[in-house]
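Everything below concerns the one structure shown next.
The values are calculated or read from the model by the stated rules, or taken from the named source; none is laboratory data. This is a predicted model, so every value here is computed, not measured. Here Cβ is always computed from backbone atoms with ideal geometry, including for glycine, and neighbour counts include all displayed protein chains.
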């Protein structure tokens with residue numbers, strides 16, 4: 001019986017009549033109180049207390065960087081504009097990497113970004129590597145490639161899997177003046193990398209390497225090679241092992257490839273004929289090379305994503321000012337609606353590619369699973385780079401088709417994004433497998 005019913009007499013009349021409006025108000029108030037108490041009890045049962053602590057934390061966007069990362073971006077951008085940009089055209093035409101540019105990369109700490117300071121490295125974050133790759137690619141994707149391979153493949157492999165002896169011997173060299181190469185691909189093993197045929201025959205205190213590698217980046221300038229070879233062909237990919245090989249051990253570097261794009265970045269075949277490598281130069285464990293290659297290529301794909309984002313932004317930054325200066329029919333090209341819609345769309349896609357890339361970088365840096373996100377970043381960023389470079393040439397017309405303005409080089413450089421460190425089709429395979437695992 002409610003409190004209101006308690007006020008009735010035996011004849012059913014109220015001793016103190018309450019107006020209908022007040023009766024309704026108190027009923028509603030009581031119902032609200034009961035509902036609030038029920039929700040509170042439900043929340044205590046289901047939701048952990050930390051759920052309600054979000055108000056005390058400040059969320060950050062993917063454009064938020066540490067002070068060190070922000071200063072690092074500014075430093076790389078300044079180097080790119082002052083030291084690199086004046087040499088881009090000549091390096092592209094001659095297919096060579098200017099020695100002063102290489103020296104500048106080492107002086108700026110860009111060749112050992114994640115290497116610990118005790119090994120003369122910069123000791124910065126993975127995100128810092130991605131920042132450097134993007135900023136350099138805005139000016140010259142070729143030089144961005146050099147830095148990308150050095151940091152996200154070569155140095156990272158040594159940092160992750162090298163023992164103290166290997167790290168002490170090789171990391172200071174990589175950080176201060178020596179370039180390295182990642183040697184996996186062969187004539188018969190491109191996307192099917194684990195079909196490689198380079199052999200490593202075990203002897204008493206060393207291995208003897210025989211075979212060849214193809215399309216090896218930085219190989220013309222490198223003195224340190226991370227070579228993947230099979231110690232036991234009968235075991236298939238489980239025999240693949242990674243060796244740290246000095247050029248002085250007998251590595252024969254072939255003629256540089258005459259490429260469509262990223263021409264200043266050297267790409268050469270390598271030949272190994274009875275190259276003797278000490279057993280202490282095995283990186284990590286024997287037979288684990290396939291695992292190391294998979295893991296490091298997943299990380300490297302974020303670097304390629306950053307390179308393609310930088311490339312897209314670079315040609316966009318050249319083309320857009322031109323659109324606001326050039327007039328046809330007494331109207332700036334940028335004021336034609338059809339052109340406005342095109343550069344708006346490209347702007348959206350560049351931003352989306354950048355967010356995909358930095359999200360993958362953050363996941364990797366936080367120690368979270370990032371394989372799908374890395375593949376997505378590389379795939380989409382390479383698509384956007386091709387599209388942005390193509391549109392930039394169209395927007396600029398005849399002068400865009402010449403070397404004078406600089407956008408045609410970005411168009412040639414863009415194509416490699418869909419090929420190296422896993423083709424676009426391989427990225428789609430990776431993404432689809434992980435989505436199937438999630439839903440199947």
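Could you identify the single residue in 139, 143 that is at pLDDT 95 or above, within 22 Å of residue 357 (Cβ to Cβ), in a helix (DSSP H, G or I) and not assigned by TED's automatic domain parsing to the domain that holds residue 384?
One residue alone meets the criteria, 143.
Looking at (1) assigned to a strand (DSSP E or B); (2) in contact (Cβ under 8 Å) with a residue 40 or more places away in the chain, which is the only condition residue 258 fails?
(1)
With 200, 175, 220 as the choices, which residue is over 24 Å from residue 298 (Cβ atoms) and buried (at least 24 other Cβ atoms within 10 Å of the Cβ)? Break it down stepwise before answering.
Numbers: 175 fails: over 24 Å from residue 298 (Cβ atoms); 220 fails: buried (at least 24 other Cβ atoms within 10 Å of the Cβ).
Only one candidate qualifies: 200.
Would a scan of the stretch 63-79 turn up a residue that is modelled with pLDDT under 50, not in a helix (DSSP H, G or I) and not assigned by TED's automatic domain parsing to the domain that holds residue 155?
The answer is no; no qualifying residue exists.
Determine, yes or no, whether residue 173 is out of contact with any helix residue (DSSP H, G or I) (no Cβ under 8 Å at 6 or more places or on another chain) and touching a residue at least 24 places away in the same chain (Cβ under 8 Å).
yes
Among 385, 374, 389, 352, which is the only one that is more than 26 Å from residue 86 (Cβ to Cβ) and either at pLDDT below 95 or buried (at least 22 other Cβ atoms within 10 Å of the Cβ) (or both)?
Checking each option against the conditions leaves just 374.
Residue by residue through the stretch 258-291, note down the ones that are closer than 30 Å to residue 386 by Cα and either in the same structural domain as residue 426 (by TED's automatic domain parsing) or touching a helix residue (DSSP H, G or I) at 6+ places or on another chain (Cβ under 6 Å) (or both).
260, 261, 262, 263, 264, 265
Which of the helices (runs of 4 or more DSSP H) contained wholly in the stretch 353-440 include at least 1 residues that are closer than 30 Å to residue 336 by Cα?
Here the list reads 371-401, 407-414.
Filter the stretch 186-197 for residues that are in contact with a strand residue (DSSP E or B) (Cβ under 7 Å, 6 or more places away or on another chain) and either surrounded by fewer than 20 Cβ atoms within 10 Å (Cβ to Cβ) or assigned by TED's automatic domain parsing to the domain that holds residue 145 (or both) and give the result.
If the condition is that a residue be in contact with a strand residue (DSSP E or B) (Cβ under 7 Å, 6 or more places away or on another chain) and either surrounded by fewer than 20 Cβ atoms within 10 Å (Cβ to Cβ) or assigned by TED's automatic domain parsing to the domain that holds residue 145 (or both), then 187, 194, 195, 197 are the ones that fit.
If you take the residues in the stretch 403-428 that are modelled with pLDDT of 95 or more and over 23 Å from residue 182 (Cα atoms), which one is surrounded by the fewest Cβ atoms within 10 Å (Cβ to Cβ)?
Only one residue tops the list, namely 428.
Could you look through the stretch 246-262, keep only residues that are under 26 Å from the mean Cα position of the chain (by Cα) and crowded, with 18+ Cβ neighbours inside 10 Å, and pick out the one that is farthest from residue 143 (Cα to Cα)?
Restricting to residues being under 26 Å from the mean Cα position of the chain (by Cα) and crowded, with 18+ Cβ neighbours inside 10 Å, the top hit is 259.
Return yes or no: is residue 271 closer than 29 Å to residue 426 by Cα and assigned to a strand (DSSP E or B)? Step through it out loud before you land on a result.
On the way: closer than 29 Å to residue 426 by Cα: yes; assigned to a strand (DSSP E or B): yes.
Yes: the conditions hold for residue 271.
Just give me the residues in the stretch 145-170 being more than 15 Å from residue 242 (Cα to Cα) and crowded, with 23+ Cβ neighbours inside 10 Å, in sequence order.
Within the stretch 145-170, 145, 146, 147, 148, 149, 150, 151, 152 meet the criteria.
Which one of these is more than 16 Å from the chain's Cα centre (by Cα) and closer than 24 Å to residue 435 by Cβ: 339, 348?
Step by step, each of 339, 348 is checked, and only 348 is more than 16 Å from the chain's Cα centre (by Cα) and closer than 24 Å to residue 435 by Cβ.
Here are some conditions: (1) touching a residue at least 40 places away in the same chain (Cβ under 8 Å); (2) over 23 Å from the mean Cα position of the chain (by Cα). Residue 398 meets all but one. Which one does it not meet?
That leaves (1) as the condition not met.
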